[in-house]
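Sharing a structure with you now.
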Amino acid sequence: MATQEESIAAVIARFPDDVVGQGVHAGQHWVFVKRERVIEALQLLRDTLGYDMLMDLTAVDYLNQGAPERFCVVYQLYSLASNEYFRVKTWVPEGDPTVDTASDLWKSAPWGERETWDMFGITFKGNKDLRRILMPTDYPGHPLRKDYPLKGNGERFNFPKYSR
Amino acid sequence: MGLESWMPEGALTTRVDELVKWGRKNSLWPMPFGVACCAIEMMATLTSRYDLSRFGSEAIRFSPRQADLMIVSGRISIKMMPVLAKIWEQMPEPKYCISMGACASCGGIFDTYTMVQGVDNFIPVDVYIPGCPPRPEGLIDAVIKIQEMVANEKMSKRH
Ligand code: SF4
């Protein structure tokens with residue numbers, strides 16, 4: 001089983017032109033992979049480096065924070081054998097918020113993709129069941145986007161009234 | 001004295017109105033709409049320590065068709081609001097509603113896109129209980145207030 005440092009080296013060796021950044025915080029490493037290659041990188045990590053569990057799949061909205069792109073999709077991996085965590089991130093532009101689906105790699109991916117789509121409006125190409133998971137099915141927006149008003153667009157007053 | 005002196009012992013006269021109200025008042029069956037932390041206090045109210053059955057309201061009905069007092073205890077999200085409205089509609093008249101706690105009454109600290117800002121925006125509420133969460137004594141007080149309401153209203157008003 002590979003340590004996190006070895007895993008970073010292996011990902012960079014395999015995709016020298018597609019790793020656009022790396023870092024470490026609190027003992028956990030991450031790599032930024034271009035979104036065209038992110039599924040291949042995840043497959044490499046799962047099949048040869050032992051990260052067999054997708055713990056979480058989510059996104060971050062970097063609106064007006066000087067980031068390269070507005071959205072960042074985050075894959076949090078875990079290796080049951082070596083008890084190591086590893087994070088893969090990818091930048092997603094605002095104009096074309098799509099990423100390929102990871103549902104062929106992990107059965108847990110569709111759930112995270114549904115939540116990420118529900119909250120951020122990021123589409124996952126190839127996910128056949130991209131329905132809302134937290135918000136009501138007829139909800140009109142993606143509320144975790146930073147430009148979504150905290151108090152909503154009036155959805156909370158949109159119900160019939162009953163009187164005696 | 002009057003009519004009663006003509007009747008056998010053990011019988012008494014009253015008005016139908018008063019008798020029905022007396023029965024209603026002492027057998028309020030709550031429908032617990034407990035969706036958050038306030039529901040814990042509602043459960044505590046039903047335990048032997050606070051003993052809501054002293055007031056005839058211990059028969060918690062999870063079927064709205066058998067209940068006449070809805071206790072909304074907890075925060076109502078916009079996904080839950082249609083459910084609440086449906087259950088309210090299923091309850092037969094006469095029905096009453098207690099809005100328990102800050103969240104049910106006005107949204108509390110959750111002034112966000114996903115929270116209904118007070119169930120009284122959509123269903124009629126008879127008694128509000130302040131607090132986060134209210135103590136069981138607060139809920140008992142609210143039940144007694146509902147009992148007073150029942151005792152003082154005209155039967156013809158609700159049927
Ligand atoms: S009023 Fe307080 S205790 Fe009651 S549901 Fe809201 S947060 Fe929880």
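So that you can scan it fast, the table gives a plain yes or no per residue for (1) within 21 Å of A:Ala109 (Cβ to Cβ); (2) open to solvent by 20 Å² or more (accessible area, probe 1.4 Å):
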| position | (1), (2) |
| --- | --- |
| A:Ser7 | yes, no |
| A:Ile39 | yes, yes |
| A:Asp56 | yes, yes |
| A:Ala59 | yes, no |
| A:Pro68 | no, yes |
| A:Ser82 | no, yes |
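Hey, another quick one. Whether any residue in the stretch B:134-157 is within 11 Å of chain A (Cβ to nearest Cβ) and buried (at least 21 other Cβ atoms within 10 Å of the Cβ) is what I want to check.
No, every residue in the stretch B:134-157 fails to be within 11 Å of chain A (Cβ to nearest Cβ) and buried (at least 21 other Cβ atoms within 10 Å of the Cβ).
Select from the stretch B:43-69 the residues that are within 18 Å of B:Ile146 (Cβ to Cβ), among the hydroxyl-bearing types (Ser, Thr, Tyr) and exposed (fewer than 15 other Cβ atoms within 10 Å of the Cβ) and list them in ascending order.
Listed by number, the list holds a single entry, B:Ser53.
In the set B:Glu41, B:Glu58, B:Glu18, B:Glu9, which member is under 30 Å from A:Phe159 (Cα atoms) and of a type in the set (Asp, Glu)?
B:Glu41
Quick one: which of B:Lys86, B:Lys79 is over 18 Å from the mean Cα position of the chain (by Cα), within 14 Å of another protein chain (Cβ to nearest Cβ) and open to solvent by 80 Å² or more (accessible area, probe 1.4 Å)?
Going through B:Lys86, B:Lys79 in turn, just one is over 18 Å from the mean Cα position of the chain (by Cα), within 14 Å of another protein chain (Cβ to nearest Cβ) and open to solvent by 80 Å² or more (accessible area, probe 1.4 Å): B:Lys79.
Can you list residue pairs whose Cβ atoms sit under 7 Å apart, with the first residue in the stretch A:105-124 being closer than 20 Å to A:Ala41 by Cα and free of Cβ contacts under 8 Å to residues at least 60 places away in the same chain and the second being assigned to a helix (DSSP H, G or I) and open to solvent by less than 10 Å² (accessible area, probe 1.4 Å)? Count only pairs 6 or more apart in sequence or on different chains.
A:Phe124/A:Glu113
A quick yes/no check of all residues on (1) touching a helix residue (DSSP H, G or I) at 6+ places or on another chain (Cβ under 9 Å); (2) more than 9 Å from chain B (Cβ to nearest Cβ):
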position: A:Met119; (1), (2): no, yes
position: A:Ile122; (1), (2): yes, yes
position: A:Lys128; (1), (2): yes, yes
position: A:Arg132; (1), (2): yes, yes
position: A:Met135; (1), (2): yes, no
position: A:Gly141; (1), (2): yes, no
position: A:Lys146; (1), (2): no, yes
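Answer with yes or no whether A:Glu94 is closer than 17 Å to A:Lys146 by Cβ, among the charged types (D, E, K, R) and either in contact with a Cys (Cβ under 6 Å, 6 or more places away or on another chain) or open to solvent by 30 Å² or more (accessible area, probe 1.4 Å) (or both).
yes
Can you report the number of residues in the stretch B:101-121 which are facing chain A (nearest Cβ under 9 Å) and β-branched (Val, Ile, Thr)?
Counting residues in the stretch B:101-121 that are facing chain A (nearest Cβ under 9 Å) and β-branched (Val, Ile, Thr) gives 3.
Okay, moving on. Has the stretch B:71-84 got at least one residue that is more than 16 Å from the ligand (Cβ to nearest atom), touching a residue at least 60 places away in the same chain (Cβ under 8 Å) and under 21 Å from B:Lys25 (Cα atoms)?
No; the residues of the stretch B:71-84 include none that is more than 16 Å from the ligand (Cβ to nearest atom), touching a residue at least 60 places away in the same chain (Cβ under 8 Å) and under 21 Å from B:Lys25 (Cα atoms).
Also: Only one of B:Ile40, B:Ile98 is away from every other protein chain (no Cβ under 13 Å), aliphatic (A, V, I, L, M), within 16 Å of the ligand (Cβ to nearest atom) and open to solvent by 60 Å² or more (accessible area, probe 1.4 Å); which? Can you show your working first?
Numbers: B:Ile98 fails: open to solvent by 60 Å² or more (accessible area, probe 1.4 Å).
The unique qualifying residue is B:Ile40.
If we keep just the residues of the stretch B:102-130 that are in a loop (DSSP other than H, G, I, E, B), aliphatic (A, V, I, L, M) and closer than 17 Å to A:Gly152 by Cα, which is farthest from the ligand (Cβ to nearest atom)?
Going residue by residue through the stretch B:102-130, those that are in a loop (DSSP other than H, G, I, E, B) are B:107-114, B:116-118, B:122-126, B:130.
Still in the running and aliphatic (A, V, I, L, M): B:109, B:116, B:123, B:125.
Next, only the ones that are closer than 17 Å to A:Gly152 by Cα stay: B:109, B:116.
Numbers: B:Ile109: 7, B:Val116: 12 Å.
For the stretch B:102-130, the residue satisfying everything is B:Val116.
With the condition kept exactly as written, say whether any residue in the stretch B:50-67 is in contact (Cβ under 8 Å) with a residue 12 or more places away in the chain, over 23 Å from B:Lys154 (Cβ atoms) and within 15 Å of the ligand (Cβ to nearest atom).
For the stretch B:50-67, residues in contact (Cβ under 8 Å) with a residue 12 or more places away in the chain, over 23 Å from B:Lys154 (Cβ atoms) and within 15 Å of the ligand (Cβ to nearest atom): absent.
Can I ask one more? Within the stretch A:149-164, track down each residue that is assigned to a loop (DSSP other than H, G, I, E, B), open to solvent by less than 50 Å² (accessible area, probe 1.4 Å) and within 7 Å of chain B (Cβ to nearest Cβ).
Going residue by residue through the stretch A:149-164, those that are assigned to a loop (DSSP other than H, G, I, E, B) are A:149-154, A:158-164.
Of the ones still in play, those that are also open to solvent by less than 50 Å² (accessible area, probe 1.4 Å) are A:152, A:154, A:159.
Result: A:Gly152, A:Phe159.
The values are calculated or read from the model by the stated rules, or taken from the named source; none is laboratory data. Please read all numbers here as calculations on a predicted model, not as lab measurements. Neighbour counts run over all protein chains shown; Cβ positions are idealised from the backbone, glycine included. Only protein heavy atoms, including side chains, enter the accessible area calculation; ligands, DNA and RNA are left aside. Shrake-Rupley method; radii C 1.70, N 1.55, O 1.52, S 1.80 Å.
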